[in-house]
Amino acid sequence: MRSTGAPIDAAYPGMMHPVAAQTRDLPFPTDVPTLEAPPDDAPLAAQLALFVKAVDVGPLGWTDALAAGRSKSDIERGEELLNTEPLWEQVQDRLTLIDDLAKRLVTHADNPAVAAALTRVIKEHPCNEITRLVGEAVVTQGAPAAALLAAARWIGEPAKYGHHRWTTGARAVLRSATPAAASDTLAPHLAKKEYASRVLDALRQHDGEIDPRFFEAARRWVHGGPGLPRSTDFLAKHATRPEVQALLVREIEKIAAAKGEPETGYFYQDLRQIKVPGALPALVKIVARSAKLGDWHFTVPLSAIEDLADPAALPQLRALVATLKGKAKSAVAAAIAGLEKTIPGAAVAEPPPKKATAAKAKPARAASPAARPLVEAGLAVERAEKIVALARTRIDLAPKKIGKPPVGTTRFGGEPDLPAKTAWPHVDCTEKDLVLKVSEYPKGTIPAPDKKGKLHVPLAFLAQLDLDDLAPHDTDALLPKTGMLWFFARPEVVLGEKRELQRIASLVLYAKKKPKLVRISPPATLGAQQRFDAATVKITHVRPLPSPNLESIRKLALIESESEAYEAATSNADDGATHASLGWAIATYYLGIPEAKEQLLLRVGSDAVSGFSFGDNASIFFCVPTAALAKRDFTKAYCVMDE
């Protein structure tokens, strides 16, 4: 983050700016004067003179050579200086001017003085960013051979130069050398994991002739993966070349011939962009093997088949679908239906039923009202109904601030109404379970540890639900029809993780029948930040289609065309209420809540009405196993917090 403020000297009249005062021994300027760019029609001599003046500036950033022998504090002081206003803005203005002038001068590359000035900067300037900008202008817009050769020399020392500067040098090699010579120079670097992405970037940006040997060398990185280069962008640029088509077909056939579960990942997605007709037989083999293994990841190569729109795919897929069951059969059938719509005359006419069985023929299945939007968007009735079957009723709880709520009513915050003599819930934890240090809490709000080192920390009251109020909205009949539920939690007491979410200290209390209730005041050790304003609740319910991002939906193995239709049908759907009971919710990384065989008891989001504030405007989720809920066993409930 940059520091802002008045100019370095003006803000401290009669004395040196405190940052500048500490940088006398550093290689950076403390001031970069503004230079005005000449008009486009200014004489060449004037533009060249200003370019020479503009690049006459010291380093504007650390390089390995400059940092060698420097202490960590020196490097931090230099970075602080360069990120302090107005110097940061001055540096950006100067770099913009140099970039503009270099691009102008390149168009006069036949002038010896211009060629010499550009070449000198590329070869000798101590600032990496300036040399990169000038080198980029030289490579992109055409320049004298001497300047290209000066930039090309960077590739000889890959460890010495950063990614962008070295890539500019590689592009200079491609511009200045013959295709064969460029391959001889760059191919050794393409074979190395640490430098391959640089060569691939240069090849992707090069519009001239490419030596075919680059394609075979790039095959090594065709699958990519975490921390690995990916060559498919480069190959896609040359996808019409026969050698590239043949290379990709060989690679796909190798996957198809492998044993076990076929690989997943970026390769198939990239393959969809390239479209390799010759890969069809191998893709069908991959789909068949994955589908029979029960792996729903086969949907991506299946979508690649659909993208090809090749009539030859239909008989192969029709033969395959007859051997499949369940979601795999449905997915392949959907791909067949998509191809039949795309390819004129591809649909197979159904033979007329025999007279003896004509009366028994089943009429086409009609979509249920809930499934109709999905069918109208393009999904088959069977697939749409499977999605609808995953829908859950969500009871929305809209808060409205209230001064003194009646005892026993459904509400958020305030003081709970509990059965007489109910002790205020606490959690026993250790200091390592706290997000904050004990010293960071207000004095007296965290009790001293006991002899075993345990802290007896009070939970915060969040909500109470009168189940009589929710019963008319619980269309799935999951909750008890009568009684009370109370929800307590302490978001900054983290007891572990569940999937990718933090499991926080919590407690759900349940009374089968609504008892005589007494308003309970919190203990003195519950700080003000853990006390929330009372808010009454307006209760409504909806039964939306589940989000396409839910894991349960992904397991249906929708192919790409189905996913697009589903997303189109749900594009105007709500994102869920801030506070709700039951239904689905989406947390960080599109993580569906609750998990399989669980129910969402209560979602409490951050809002200004009750003063809830969890993490970075996050929510917390109380969940319970469905089997425990059926037995009214709320001791199995737990609470997770979104990041």
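The values are calculated or read from the model by the stated rules, or taken from the named source; none is laboratory data. Every value quoted in this text rests on a predicted model; they were computed, and no experiment measured them. Using ideal geometry, Cβ is built from the backbone for each residue, glycine included, and neighbour counts are taken over all protein chains shown. For accessibility, only protein heavy atoms count, side chains too; no ligands or nucleic acids. Shrake-Rupley method; radii C 1.70, N 1.55, O 1.52, S 1.80 Å.
Any idea which residue in region 500-509 is farthest from TRP584 (Cα to Cα), counting only those that are within 32 Å of the chain's Cα centre (by Cα) and open to solvent by 20 Å² or more (accessible area, probe 1.4 Å)?
Taking region 500-509 and keeping what is within 32 Å of the chain's Cα centre (by Cα), we get 500-506.
Those still in the list that are open to solvent by 20 Å² or more (accessible area, probe 1.4 Å) too: 500, 502-503, 506.
Values: GLU500: 17, GLN502: 18, ARG503: 18, SER506: 20 Å.
Here the residue is SER506.
What tally of residues in region 483-499 results from selecting those that are open to solvent by less than 10 Å² (accessible area, probe 1.4 Å) and either of a type in the set (Asp, Glu) or without any contact (Cβ under 8 Å) to a residue 40 or more places away in the chain (or both)?
Of the residues in region 483-499, 1 are open to solvent by less than 10 Å² (accessible area, probe 1.4 Å) and either of a type in the set (Asp, Glu) or without any contact (Cβ under 8 Å) to a residue 40 or more places away in the chain (or both).
Yes or no: ALA596 open to solvent by 30 Å² or more (accessible area, probe 1.4 Å), at pLDDT below 85 and of a type in the set (A, V, I, L, M, F, W, C)?
Yes; evaluated as a whole, the condition is true for this residue.
Give region 459-481 a look and list any residue that's open to solvent by 10 Å² or more (accessible area, probe 1.4 Å) and over 21 Å from PRO515 (Cβ atoms), or say none.
PRO472, HIS473, ASP474, THR475, ASP476, ALA477, LEU478
From the set of residues in region 417-458 that are touching a residue at least 12 places away in the same chain (Cβ under 8 Å) and small (Gly, Ala, Ser), which is least open to solvent (accessible area, probe 1.4 Å)?
Checked region 417-458; the qualifying residue least open to solvent (accessible area, probe 1.4 Å) is GLY453.
Go through region 383-409 and give me each residue that's of a type in the set (Val, Ile, Thr), closer than 24 Å to ARG554 by Cα and either touching a helix residue (DSSP H, G or I) at 6+ places or on another chain (Cβ under 7 Å) or exposed (fewer than 14 other Cβ atoms within 10 Å of the Cβ) (or both).
ILE387 - this is the single residue of region 383-409 that is of a type in the set (Val, Ile, Thr), closer than 24 Å to ARG554 by Cα and either touching a helix residue (DSSP H, G or I) at 6+ places or on another chain (Cβ under 7 Å) or exposed (fewer than 14 other Cβ atoms within 10 Å of the Cβ) (or both).
Need the failing condition index for VAL435 against (1) modelled with pLDDT under 90; (2) closer than 29 Å to TRP584 by Cβ; (3) in contact with a helix residue (DSSP H, G or I) (Cβ under 8 Å, 6 or more places away or on another chain); (4) among the β-branched types (Val, Ile, Thr), just the number.
The single condition VAL435 does not satisfy is (3).
Conditions tested, residue by residue: (1) assigned to a helix (DSSP H, G or I); (2) touching a residue at least 12 places away in the same chain (Cβ under 8 Å); (3) open to solvent by less than 30 Å² (accessible area, probe 1.4 Å).
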site: THR536; (1), (2), (3): no, yes, no
site: PRO544; (1), (2), (3): no, yes, no
site: TYR566; (1), (2), (3): yes, yes, yes
site: SER571; (1), (2), (3): no, no, no
site: ILE586; (1), (2), (3): no, yes, no
site: LEU602; (1), (2), (3): no, yes, yes
site: PHE621; (1), (2), (3): no, yes, yes
site: LEU629; (1), (2), (3): yes, yes, yes
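So if I check each of VAL91, VAL114, which one is farther than 25 Å from LEU148 by Cβ and of a type in the set (A, V, I, L, M, F, W, C)?
So the residue among VAL91, VAL114 that is farther than 25 Å from LEU148 by Cβ and of a type in the set (A, V, I, L, M, F, W, C) is VAL91.
Give ALA239, ALA257 a once-over and let me know the one that is at pLDDT 80 or above and either of a type outside the set (Ser, Thr, Tyr) or within 25 Å of VAL139 (Cβ to Cβ) (or both).
So the residue among ALA239, ALA257 that is at pLDDT 80 or above and either of a type outside the set (Ser, Thr, Tyr) or within 25 Å of VAL139 (Cβ to Cβ) (or both) is ALA239.
Going through region 100-122 one residue at a time, which ones are free of Cβ contacts under 8 Å to residues at least 40 places away in the same chain, open to solvent by less than 40 Å² (accessible area, probe 1.4 Å) and farther than 19 Å from TRP166 by Cβ?
Across region 100-122, the qualifying residues are VAL106, ALA109, ALA115.
For the subset of region 141-170 comprising residues that are free of Cβ contacts under 8 Å to residues at least 24 places away in the same chain and in a helix (DSSP H, G or I), which member is farthest from PRO29 (Cα to Cα)?
Per the stated criteria, the residue is GLY156.
Looking at (1) outside any helix (DSSP H, G or I); (2) out of contact with any Lys or Arg (no Cβ under 7 Å at 6 or more places or on another chain), which one does VAL52 not meet, given that it meets all the others?
Of the numbered conditions (1) outside any helix (DSSP H, G or I); (2) out of contact with any Lys or Arg (no Cβ under 7 Å at 6 or more places or on another chain), the odd one out for VAL52 is (1).
Could you please tell me which pairs satisfy a Cβ distance under 6 Å, a separation of 6+ or placement on different chains, a first residue in region 548-562 that is among the basic types (Lys, Arg), and a second residue that is open to solvent by 10 Å² or more (accessible area, probe 1.4 Å) and not in a loop (DSSP other than H, G, I, E, B)?
If the second residue must be open to solvent by 10 Å² or more (accessible area, probe 1.4 Å) and not in a loop (DSSP other than H, G, I, E, B), the pairs left are LYS555/TRP296.
Every residue, every condition in (1) open to solvent by less than 20 Å² (accessible area, probe 1.4 Å); (2) touching a His at 6+ places or on another chain (Cβ under 6 Å); (3) under 27 Å from ARG175 (Cβ atoms), yes or no:
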site: VAL57; (1), (2), (3): no, no, no
site: GLN92; (1), (2), (3): no, no, no
site: GLU124; (1), (2), (3): no, no, yes
site: GLY135; (1), (2), (3): yes, no, yes
site: VAL139; (1), (2), (3): yes, no, yes
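Spot the failing condition for LEU228; the list is (1) modelled with pLDDT of 90 or more; (2) within 30 Å of PRO301 (Cα to Cα); (3) open to solvent by 40 Å² or more (accessible area, probe 1.4 Å); (4) not small (Gly, Ala, Ser), and only one is missed.
In the conditions (1) modelled with pLDDT of 90 or more; (2) within 30 Å of PRO301 (Cα to Cα); (3) open to solvent by 40 Å² or more (accessible area, probe 1.4 Å); (4) not small (Gly, Ala, Ser), LEU228 misses (1) alone.
Scan region 210-234 and report the pairs whose first residue is among the acidic types (Asp, Glu) and whose second residue is open to solvent by 20 Å² or more (accessible area, probe 1.4 Å), with Cβ atoms within less than 7 Å and a gap of 6+ or a chain change.
Listed pairs, sorted by first residue: ASP211/PRO179; ASP211/ALA180; ASP233/ARG204.
Taking into account only those residues within region 395-414 that are over 22 Å from LEU582 (Cβ atoms) and within 40 Å of the chain's Cα centre (by Cα), which is modelled with the highest pLDDT?
As a first pass, look at region 395-414 and keep what is over 22 Å from LEU582 (Cβ atoms): 401-407, 414.
Applying the additional criterion that residues be within 40 Å of the chain's Cα centre (by Cα) yields 401-402, 414.
On the way: LYS401: 85, ILE402: 84, GLY414: 92.
For region 395-414, the residue satisfying everything is GLY414.
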